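Working notes, structure below.
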Amino acid sequence: RLLSGGRRRQRGRTLEATIDWSYDLLEPDERRFFRCLGVFLSSFDIPAAASVTETSLTEATDLIEVLLARSLVAASPEWPGRFQMLETLKAYAEDRLIDAGEAGSIRERHAGYFIELVRVESPLELMDRRRAINVIADLSNLVAAADWLEAEQRWDRLAPLLAPLSLIDYTTASTWVQRLQRCIEHLGDPELIDQLRHAQAHAAAHAASWSTFLAATRAMRASADARTAALGHLLRSVAMVHVDAPRAMQDVDRFIAGYGPDPTGAAHAEALAFRCSLAASTYDLDAARSFAQQANAAAARIETTPTTQWLNTRFITAVLDW
């Protein structure tokens, strides 16, 4: 509608002609770099641009300098060290990308970069909120990559992106619950399914979809993977503590006593940390101190990224010492 009729149409043609002129002045490698940047939503940084365009960091930096000088790219006012394109320029770049027959391959590289950015080695890493802070600037790109992979029905590629993404973006939890379920139904890899079940349980809890939460934790407890089964028990206890705190604590105690450390020790440390939090919440300070000491000792024996639960245990330890 904006470009329909009279002066508006003429203005639109003039604008496109101006961009054509700027684009034609670029060298071939600069033109390719510019049109590839059209795949990004919102803003991007140099490592992402280099990965998607298959250039080195040095080359990508030089090419961005060229585009900055020609006003085809701008520095992001919101995120230092990041860049963005005006919507008009982004749409133009996307059109040139399609015309060049490169859209599919560049979107594949775009998705691949962001899959690696949020990849986790174990379900416990999904709960590390510090990782979310590090990638929040790329939330639009993460969602765009997930949208494209789902549209292409690339379920195996979508799964490692969808699990952490659904825990980073809590604002639309009910939507993520549905998308996670669709992906689970198309997967055959038990490890990927375990990660998605864990993410689904968290998303369902945020969306207050308790039937889905219970189904997800039930499936986790039946998993052949020790860490996933342990987390299934813990998540059920998290929900139960608001209804029946003593029973929730008994459930975790049974797990700690009977299940033992998982292959990495991470789930066991997490169980002890959670038990510490439960004890502190009921002012059983002696028990809280005991579980905190056990949790900290267990965490010290393993190589794992500190989770929110473990950090909370350190905080409780400091409060008790004080």
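The values are calculated or read from the model by the stated rules, or taken from the named source; none is laboratory data. Note that this is a predicted model, so its numbers are computed, not measured. Please note: Cβ atoms are built from the backbone with ideal geometry, for glycine as well, and neighbour counts cover all protein chains shown. Heads up: the accessible areas ignore ligands, DNA and RNA and are worked out on the full protein's heavy atoms, side chains in. Shrake-Rupley method; radii C 1.70, N 1.55, O 1.52, S 1.80 Å.
Worth a mention:
- Accessible area of segment 19-104 belonging to carbon and sulfur atoms, whole % at 1.4 Å probe: 54
- The gain in end-to-end length when the Leu214 to Thr172 segment is fully stretched comes to 13.2 nm, 0.36 nm per residue minus the alpha carbon separation.
- If R0 equals 22 Å, the separation of the Cβ atoms of Tyr283 and Arg314 corresponds to a calculated FRET efficiency of about 0.70.
- Added length on full extension, which subtracts the Cα-Cα distance from 0.36 nm per residue, Leu139 to Arg301: 54.9 nm
- Distance (nanometres) between label positions extended 7 Å along Cα→Cβ at Arg254 and Glu16: 6.8
- Computed accessible area, Leu86, all protein chains, 1.4 angstrom probe, square angstrom: 120
- The local environment of Ala60, defined by Cβ-Cβ distances under 14 Å, has a net charge of -4 under the rule Lys, Arg +1 and Asp, Glu -1.
- Residue order for His233, His186 - accessible surface, 1.4 angstrom probe, largest first: His186, His233
- Annotation: Leu320 carries an accessible surface of approximately 40 Å², with a 1.4 Å probe and no ligand, DNA or RNA atoms counted.
- Probe 1.4 Å - accessible area at Trp210, Å² to nearest ten: 130
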